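Student: I have a structure I would like to understand better, so I am pasting it below and will then ask my questions one at a time.
The values are calculated or read from the model by the stated rules, or taken from the named source; none is laboratory data. Note that the structure is predicted; figures quoted are calculated from it, not measured. For neighbour counting, all protein chains shown are included, and Cβ atoms are generated from backbone atoms with ideal geometry for every residue, glycine included. The protein model used for the area step is the full one, side chains on, heavy atoms only, and it has no ligands, DNA or RNA in it. Shrake-Rupley method; radii C 1.70, N 1.55, O 1.52, S 1.80 Å.
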Amino acid sequence: MADPVRQSRVLKFGTFELDLAAGDLRKSGRKVRLQEQPFRLLAALAERPGEVVTRVKLKDSLWPGDTYVDFDRSLNTAASKLRDALGDSASNPRFIETLPRRGYRFLASVESGGENGHPGDTERLLATAISTADATGVAHRRLRIALALSLVLLCAAAVGIAALWLAPRDTANREQPVRFSFQPEYGGLAVISPNGRHIAYVDSSRQGLLIRDLDREEPRRLEGTKGSTLSGRLSWSPDSKFIAFASGTELKRVPVEGGPVITLCKLPSEFQWNAAWSPDGGTIVLSAGRPRKLYGVPAEGGELRLLLADLETESLSDPVRPRFLPLADGRRVLLFNDGLYGHLVMLDVDSGQERTLTHGEEQPILYPVYSPSGHLLYRIGAVLWALPFSLEALDSTGEAFPVSTNNIVVDNLSVSGNGTLVYQDGQGRMRRLVWRDRSGNELGTAGQPQQRIAYPALSPDETRIAVMGAEKEGLDIWIHDTQSEMKTRLTFHPGNDLGPIWSPSGTEIALTSSRNGSSDILSKAADGSGQVEPLLVLPQTVFLSDWSMDGMHLLHDQYHSDTQTDVWYLTRKPDGAGFDSTPFLATKFDERAAKFSPDGRYVVYISDESGERQVYVRPFPDGDNKWQISHSGGTQPRWRRDGRELFFVEGSTLFAVPVSLNPSFSAGTPTKLFESPLLLLRQGMLAQYDVTADGQRFVTRESVGGVAAIHVVENWFAEFKDRQQDR
């Protein structure tokens, strides 16, 4: 007897349906984009659940005998793309298991959906009535009854859906939380309005802001918001009538019901996170710079003014994501999370006084926000925590406790004034490394998907890519193999390890770390052996940016209150035991992200001396001359390793500049190569790409696994009312 699974044209596994006849893959009813070869691979595996399908069989199924391809690489690429579409992991598979050198096995159970999928009860009733109808009056009457019954069922379903979405949301008096989720086609950075009626999110295709009204199923787009920046979080006005958002280099405001977009001000350098709207609605506050400064702008627009300078103090090293506490007495008190050392800090904007509320135990506290249930909510590692908190006393009133989110890694947390909690699935915000040519065409992938991949750095022999990455918890240095699907973890400390830089020999990786309570420069053997060694330990904020080809010098950013961020360099001591630190550029302007030319005679860097960030080159080490490379803004500079080109990023676009190093430096005209949305993030720091020695291939990042789902929990505290005594 034939296997019914293999005969079926629709296969169901988990939340997925695979329509073999139509060539479609759907998740929870939504079509999943999947290229031909990954689809054929999925079909070949899903038709044989639990069986080992050998690489030889797959070669015959996916590529006919007269087709020439690099089979091993093509199959690995198809498997990688398939895992991305399914949200699967090679190291911890739910669907596709790799058997090294043998083949693959489909792990999930597969159900037959029949030739026409899974018809509902109404469809079955209609099908039965129609198929049994004959010329007699009885048959016609049966058909009319069936049609009438189906209409009743459809109307009842419509009424039920309308009741669910249109009913008033009295969340505070419910005995149990109400949970639901939706998967936007394009989306990110979701934030719920203070009145709990709208969720705003950024279209990840950069086509503008979308609003999901909670009494409707379909989102609506706000006109005039195209180009909204993914790296700048949205901020609602207290009356829920307006949204402030970052667009390019400007802060703008738009009515939630649609209308004219107003430019409020030009954003300061290093704005990366979000603005906060004061409870009285009159001021929008944002943090920017490094170390952070606190700026304010009138909500109607006007001049951006400095409120507090140098927020880097003993308790607050790198404050990000400011949120106002909803105080009725007019006080402006912000809640910050510390980007480096895991503190949760409360800051009085008017007096400048601050107080540390809790520590993250060497892991950063993320997305702190006040809930009207009387709690501060925040994430540590992969866990969402609730800290009982009194607005009257401005202090905690009990011990923090974990909040269940069904094993979802919480991202972009927000809470409305009626206690509705909204967050996104951080596990879905995966990244992977991809190879691109000079036109931006994808050539293949490297390593494995991972959370928060940043700062990709090619090893000197181009066989490995070091990145800053995460696996649910803190940030560490990982190494992805360019010739396989493997990645390995290099550092394991709970503190943040950032910005990997290869030594010229490829045997060491230097990095910036917060593991010792300050931003130190450390090194580690690239094969993982031995201990982490300190290269530079200072009380100032530092960030490593390059290692010279002769191994004698390292470039790094260093902050000083009188000169902002400067470029310094380390010189290896004659006895080889340690380094001496020397300033290269120390001016009143902000200079950073410096890189040595391949011959070590020049340094490229970025500076805001013209009023906006531009790319410049100076001789090393005297710096007595200067050439401007970019003209309309530029960050993330890199040299081509044969010294023939410079590269930099303007917005989210990569540019190339022909250069000559001999007999002296000269540069040509910048030429646009390609655009990539993830080049936009973390501007002004290390580059979010790297380039091969011949300048023909680039390693960049891209999002995988689809858009993060948006989760809504109405009356989230209902299941924790037994903890009321803590308050």
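Student: Of all the residues that make up the stretch 478-489, how many are closer than 25 Å to Ile365 by Cβ and open to solvent by less than 50 Å² (accessible area, probe 1.4 Å)?
Tutor: Going through the stretch 478-489 one residue at a time, the tally reaches 1.
Student: Same structure, new question: Test each condition in (1) farther than 29 Å from Arg83 by Cβ; (2) at pLDDT 85 or above for Val422 and report the one that comes out false.
Tutor: The failed condition is (1).
One line per residue, one yes/no per condition, for (1) at pLDDT below 90; (2) out of contact with any Phe, Trp or Tyr (no Cβ under 6 Å at 6 or more places or on another chain); (3) more than 14 Å from Gln614 (Cα to Cα):
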site	(1), (2), (3)
Ile629	no, yes, no
Gly634	no, no, no
Arg641	no, yes, yes
Gln683	yes, yes, no
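Student: Still on this model: For the stretch 599-616, how many residues are over 17 Å from Thr565 (Cα atoms) and either touching a strand residue (DSSP E or B) at 6+ places or on another chain (Cβ under 6 Å) or surrounded by 22 or more Cβ atoms within 10 Å (Cβ to Cβ) (or both)?
Tutor: Matching residues across the stretch 599-616 total 1.
Student: To continue, here is another question. Inside the stretch 482-510, can you point out the residues that are under 22 Å from Phe596 (Cβ atoms), modelled with pLDDT of 90 or more and under 21 Å from the mean Cα position of the chain (by Cα)?
Tutor: Gly499, Pro500
Student: While we're looking at this one, here's another question. Determine if the stretch 453-461 includes at least one residue that is open to solvent by less than 40 Å² (accessible area, probe 1.4 Å), under 17 Å from Val691 (Cβ atoms) and of a type in the set (D, E, K, R).
Tutor: no
Student: Just checking, which of Gly374, Gly417 is modelled with pLDDT of 90 or more and open to solvent by 50 Å² or more (accessible area, probe 1.4 Å)? Before the answer, list the steps.
Tutor: Values: Gly374 fails: open to solvent by 50 Å² or more (accessible area, probe 1.4 Å).
Being modelled with pLDDT of 90 or more and open to solvent by 50 Å² or more (accessible area, probe 1.4 Å) holds for just one of Gly374, Gly417, which is Gly417.
Student: Looking at (1) surrounded by fewer than 22 Cβ atoms within 10 Å (Cβ to Cβ); (2) under 33 Å from the mean Cα position of the chain (by Cα), find the lone condition where Pro583 falls short.
Tutor: Going through (1) surrounded by fewer than 22 Cβ atoms within 10 Å (Cβ to Cβ); (2) under 33 Å from the mean Cα position of the chain (by Cα) one by one, Pro583 breaks only (2).
Student: Here is a follow-up. Do you know which residues across the stretch 561-570 are assigned to a strand (DSSP E or B) and open to solvent by 40 Å² or more (accessible area, probe 1.4 Å)?
Tutor: Listed by number, the residues that qualify are Gln564, Trp568.
Student: Same structure again: Can you work out which of the residues in the stretch 543-560 that are touching a Lys or Arg at 6+ places or on another chain (Cβ under 6 Å) and buried (at least 21 other Cβ atoms within 10 Å of the Cβ) is nearest to Leu522 (Cα to Cα)?
Tutor: The selected residue is Asp546.
Student: In addition: Quick check on the stretch 222-242: of everything there that is charged (D, E, K, R) and within 13 Å of Gly259 (Cβ to Cβ), which residue is modelled with the highest pLDDT? Reasoning before the result, please.
Tutor: Restricting attention to the stretch 222-242, the residues satisfying the condition of being charged (D, E, K, R) are 223, 226, 233, 239, 241.
From what is left, the residues that are within 13 Å of Gly259 (Cβ to Cβ) are 223, 241.
On the way: Glu223: 89, Lys241: 95.
Filtering the stretch 222-242 for residues that are charged (D, E, K, R) and within 13 Å of Gly259 (Cβ to Cβ), the one modelled with the highest pLDDT comes out as Lys241.
Student: Right, another one. Considering the stretch 208-221 alone, what residues qualify as being within 20 Å of Val261 (Cβ to Cβ) and either touching a helix residue (DSSP H, G or I) at 6+ places or on another chain (Cβ under 6 Å) or open to solvent by less than 60 Å² (accessible area, probe 1.4 Å) (or both)?
Tutor: Matches in the stretch 208-221: Gly208, Leu209, Leu210, Ile211, Arg212, Asp213, Pro219, Arg220.
Let's see how each residue does on (1) at pLDDT below 75; (2) over 27 Å from Glu471 (Cα atoms); (3) assigned to a helix (DSSP H, G or I):
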| residue | (1), (2), (3) |
| --- | --- |
| Ala43 | no, yes, yes |
| Ser61 | yes, yes, yes |
| Ser80 | no, no, yes |
| Asp84 | no, no, yes |
| Asp88 | no, no, no |
| Ser91 | yes, no, no |
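Student: If you check Leu443, Leu475, Leu535, which single one turns out to be farther than 25 Å from Ser80 by Cβ and open to solvent by 10 Å² or more (accessible area, probe 1.4 Å)? Lay out the reasoning, then the answer.
Tutor: Numbers: Leu443 fails: farther than 25 Å from Ser80 by Cβ; Leu475 fails: farther than 25 Å from Ser80 by Cβ.
That would be Leu535, the only listed residue that is farther than 25 Å from Ser80 by Cβ and open to solvent by 10 Å² or more (accessible area, probe 1.4 Å).
Student: While we're looking at this one, here's another question. With the requirement that a residue be assigned to a strand (DSSP E or B), among the hydrophobic types (A, V, I, L, M, F, W, C) and under 28 Å from the mean Cα position of the chain (by Cα), what does the stretch 16-41 give you?
Tutor: Phe16, Leu25
Student: What is the one condition in (1) without any contact (Cβ under 8 Å) to a residue 60 or more places away in the chain; (2) within 18 Å of Phe596 (Cβ to Cβ); (3) outside any loop (DSSP other than H, G, I, E, B) that Leu522 does not satisfy?
Tutor: (2) is the only condition that Leu522 fails.
Student: Could you name every one of the strands (runs of 3 or more DSSP E) located completely within the stretch 374-492 that has at least 2 residues being free of Cβ contacts under 8 Å to residues at least 24 places away in the same chain and either β-branched (Val, Ile, Thr) or in contact with a Pro (Cβ under 9 Å, 6 or more places away or on another chain) (or both)?
Tutor: 383-390
Residues are listed down the side, and each one gets a yes or a no for (1) modelled with pLDDT of 90 or more; (2) more than 23 Å from the chain's Cα centre (by Cα):
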{"site": "Glu250", "(1), (2)": "no, no"}
{"site": "Val254", "(1), (2)": "yes, yes"}
{"site": "Thr263", "(1), (2)": "yes, yes"}
{"site": "Leu267", "(1), (2)": "no, no"}
{"site": "Leu286", "(1), (2)": "no, no"}
{"site": "Glu303", "(1), (2)": "no, yes"}
{"site": "Leu306", "(1), (2)": "no, yes"}
{"site": "Glu314", "(1), (2)": "no, yes"}
{"site": "Ser317", "(1), (2)": "no, no"}
